[in-house]
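What follows is a short report on a single structure.
The values are calculated or read from the model by the stated rules, or taken from the named source; none is laboratory data. This one's a predicted model, so the numbers in the text were calculated from it and none came from an experiment. Counting neighbours? That spans all protein chains shown, and the Cβs are built from the backbone with ideal geometry, glycine included.
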Amino acid sequence: MSSTITLAPGVRSSWMSVVTPVVFIVDDDISVRESLELLIADAGWQPEVFASAQEFLAHPRHSSPGCLLLDMTLPDLNGLELQKRIASDREGLPIIFITGHGDIPMTVQAMKAGAVEFLTKPLRPEVLLSAIQGAIERSRAALDEQSDLQALRDRYRSLSVREREVMELVVRGLLNKQVGGELGISEITVKAHRGRVMRKMQARSLADLVNIAGRLRLTTAAPLSGAAR
């Protein structure tokens, strides 16, 4: 699977960012690893190279944005097997498959499992760099979403049990009086709890709170009887 990549003139580090993205390379061909490592470093990203899937799995995870350049044929786990292995716990790491002899069924399987690109060797530098840039942008978006969701979960955990009960009834459409009736507390007490919920959850409006509840998956149950429409 030998294939050397020559850097095209003018392809430089135009995609640099404050946090340097990491591009993981898993390929058992040393010539491919070395040429990819030089190309990626020259483009301003941080390359991390591995000769096998197991080497990659044993490596500490990065929290920075990035992507994985993954050869389809490896000496231990193949590319598709590694893709399955990391699918659930590395959602912020898009995969670009690279192979010297791909076929349509293999390509379809990889893309259905979430790969962002499937490139065949010899690789054209400008095509590869463009694919990496797109994958890194997806990684940034996924990591931002994970960070935002974790912040919402932390805010929700800061609520008292009663505040959570009030929030869940409010976002299901109940008025303060109805919430009080469901919980056996006064309307004034509901208002006080509701105000604290809005502050702790950093919600600017009821619509905002409903959106937050949706992201936290708190609104899957059917509305209670008597809920306001």
Exercise. For Val179, all conditions in the list (1) of a type outside the set (Asp, Glu); (2) touching a Leu at 6+ places or on another chain (Cβ under 9 Å); (3) outside the structural domain of Met201 (by TED's automatic domain parsing) hold save one; what is the number of the exception?
Worked result: (3)
Exercise. Going through the range 119-138 one residue at a time, which ones are of a type in the set (Ser, Thr, Tyr) and not in a strand (DSSP E or B)?
Worked result: Ser130
Exercise. Of the residues that make up the range 175-192, is at least one outside any loop (DSSP other than H, G, I, E, B), more than 30 Å from Asp27 (Cβ to Cβ) and of a type in the set (Ser, Thr, Tyr)?
Worked result: yes
For this session: Six or more apart or on different chains, Cβ under 9 Å: which pairs go from a residue in the range 153-176 that's buried (at least 17 other Cβ atoms within 10 Å of the Cβ) to one that's at pLDDT 95 or above and among the aromatic types (Phe, Trp, Tyr)? Could you list them?
Result: Met167/Tyr156
Seminar exercise, completed: Scanning the range 147-193 for residues that are in contact with a helix residue (DSSP H, G or I) (Cβ under 8 Å, 6 or more places away or on another chain), aliphatic (A, V, I, L, M) and closer than 18 Å to Asp208 by Cα gives Leu149, Leu152, Leu159, Val166, Met167, Leu169, Val170, Val171, Leu174
For this session: Find the residue count for the range 54-76, including only residues that are among the hydrophobic types (A, V, I, L, M, F, W, C) and under 25 Å from Arg140 (Cβ atoms).
Result: 6
Exercise. Any idea how many residues of the range 85-95 are over 10 Å from the mean Cα position of the chain (by Cα) and crowded, with 21+ Cβ neighbours inside 10 Å?
Worked result: 1
Seminar exercise, completed: Counted residues in the range 74-84 being over 14 Å from Val49 (Cα atoms) and surrounded by 15 or more Cβ atoms within 10 Å (Cβ to Cβ) come to 6
